[in-house]
Structure formats: structure tokens, C-alpha cells
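These notes are about the structure you will find just below.
Each value in this text was obtained by applying a stated rule to the coordinates, not by laboratory testing. Source: prediction; values computed, not measured. With ideal geometry, Cβ positions are generated from the backbone for all residues, glycine too; neighbour counts draw on all protein chains shown.
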């Protein structure tokens, strides 16, 4: 018996859409290929033209590049920071669920250096390795400008951006600390407190957002806002020195609202060092719910959802990769007021 072996005559797949995209954008096929493969060596105007042409032709760009990795860039923060470690955990879990890898990078740089003098980690500039960047930690506008100029897609945690972003081209997510600050202050006011101070470094955006909510609640109730702002990036130190400063000034305090839980930890120590008791002499509330359950007495605080922030950041940037011409995405994650039982029973009401 003789078997005849015949070669398969399946048609060879071409790079579907490249020729059509090139014609629509009036550029060469090689230019289209460079754009779709994430090359940084293409004029931004030409890149935009190619992406617009691809969108009109319904080309799914997410399938053109086989690289499936995101960079999680933790800027100017300790690697084991309680809040950002949980953001990373949420992002990593979401990446895995979508079949993507994640590269973790710690990046420390000066806020005052012009964008064109910053030096990104080399792997972030390798678009054949990393497709986009998740900006966590403390981000300043010079880094955002650098990523814009290099055409690297990114999503940023808006609560932690230092400086004013001058354009609306970026994707951003917020945790609603302003509303959270308002809720916590209203709670203290509802317990009868009238002399409530805020402690936090107002030069840092997350403290400033929380203070904004505190201030609006105080002014709505007809009370004068009082704050102590310590120029430090050590949260516990901010709380300790801020509370010591307020008590040394002889402020008639019955409650202190801390800009985050680590700051509340410092306030606890300062209050006790001054021979006072919590909450018998001074009540304390916090924000972010990272260590509030560990303090004694348990800290009433505003719960944020860092894992959800990380998850949403991944969803947003994957959406951006698939559809580069989308309008800027904006997402706000609500907060939850957490009333710890012991603190709730013991808070002192005072006029």
C-alpha cells in the first residue's frame, strides 16, 4: 500500500491590517509596525495618526504585541509601605487573572528635577518587555511629563500626585479621602466635640485632600478649623510632633483627626507622653484603616480599599492598551466609615 504525502497548502497568515492602516494613515508599513509594537522612536503626531487609523479599521491592538507585562512603579516610598503594598497585591492579583505579568520597581527621584533630566528605570523604556506603567507611591508631575513625552501608557493614583497636572491625557484613579475626612469629622461633631484639630503634612496631597473634608465639615458646623502641619514624610513622626505642638500651644482640644492611621499612631504616643488618656481626655480618629485595628484603644477611622485601587488600575491600563484613543479615564473609589466599638463607647462629648 502506498501512502502519498502532500504538503499542507494552508494560506500563510499576513499581518492583518498593516497595509490598510498604513494607507489610511499615509505612512509606511514599517512605521505602522513600529507603532503597533510600542516603539518610542516614532513622532507622537504620526503615532496618533496610526492609532486613529487602526481604531477606525477596528484593529485590536492588544493582540498585535505578544508582550504581556506591566510595570508597578513605586515612587519615593518604602517598599513595605502598608497602604501601597496592598495596592500592589490587588494589582498583581488582577494581572494574573488576565494572564499578564507584573514587574515591581522601586524608583526614587527628586520632585524638583525637570522631566528631561529624569532617568527612568531601563526596563520601563523597553516596550518589548513592559507595555504600560502603574504609578503608585508619591508621584510628581515631572515623572508624568516624562512618560507623556516618551509615549509610555500609564495610570496614576491621583491622591498621591504632587503638583498640578497640566493636561488631561492621563488615566487616573482616586480614593475619596475628601469625603472620608468630612464623614469622620461629622461623626466627631455628632458626639458633641467642638474643638477638633487636624494633624498631617498639608504639603503632601493625601493629607491635603483629607484636610479639605475636615475643614468643610467644621465650617459647615460653624466651628474654626485648627491644624498642625509638620514638614516630614514620616507619618508617625508627623503625628507625634503635630500632637505635641498642639498640646504645647494649650489648644482646648477634645479630639484630633489624623490624616492617616500611621499619623494616629504617633498621636497616641504623644498624648500618652503628655500624661493624658485616649479617649478619656482626647479622642482620636484616623484615615485609611491600615493599622487602626492594632492600636489600643481601637481607632475609629476611614477605610480605604487599596486592593480595589490596584485592581482598577490594572483594568484601566489594559483598557488603554486595547483602545489607545479612548478619552482619559477617571475613577473614584468611595471610602467606608469604620467605628471601632471601644472608641465609640468612650469618646468624650464636650462643648
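Can you give the angle from 0 to 90° between the axis of helix 306-322 and the longest principal axis of the chain, with both taken from C-alpha atoms, to the nearest 10?
Taking the Cα atoms of the chain, the angle to 306-322 is about 20 degrees.
Among DSSP beta bridges lying fully in the chain, give the percent that are antiparallel, nearest 5.
Close to 10 percent.
Which of 274, 94, 210 moves the most in a Gaussian network model of the chain with Cα springs under 10 Å?
Fluctuation is largest for 274.
List the equivalent ellipsoid semi-axes of the chain in whole Å, largest first, each obtained as the square root of 5λ for an eigenvalue λ of the Cα gyration tensor.
Values: eigenvalues 514, 82, 56 Å².
With the √(5λ) rule applied to the chain, the semi-axes are 51, 20, 17 Å.
Angle check, please: helix 261-273 long axis (alpha carbons) against the longest principal axis of the chain (alpha carbons), in degrees 0 to 90, nearest 10.
20 degrees
Only counting other Cβ atoms within 10 Å, I'd like 257, 211 sorted with the fewest neighbours first.
211, 257
Against the longest alpha carbon principal axis of the chain, how many degrees, from 0 to 90 and to the nearest 10, is the axis of helix 44-56 turned?
80 degrees
If each residue's Cβ is checked for other Cβ atoms within 10 Å, how do 100, 115, 294 rank with the fewest at the top?
Ranking 100, 115, 294 by Cβ neighbours within 10 Å, fewest first, gives 294, 115, 100.
Relative contact order of the chain, please, whole-number percent, based on alpha carbon pairs below 8 angstrom and at least 6 residues apart. Could the numbers behind the result be given before it?
Working: 664 pairs, mean separation 63.4, N = 351.
Rounded, it is 18 percent for the chain.
Fewest to most neighbouring Cβ within 10 Å: what's the order for 72, 198, 337?
337, 72, 198
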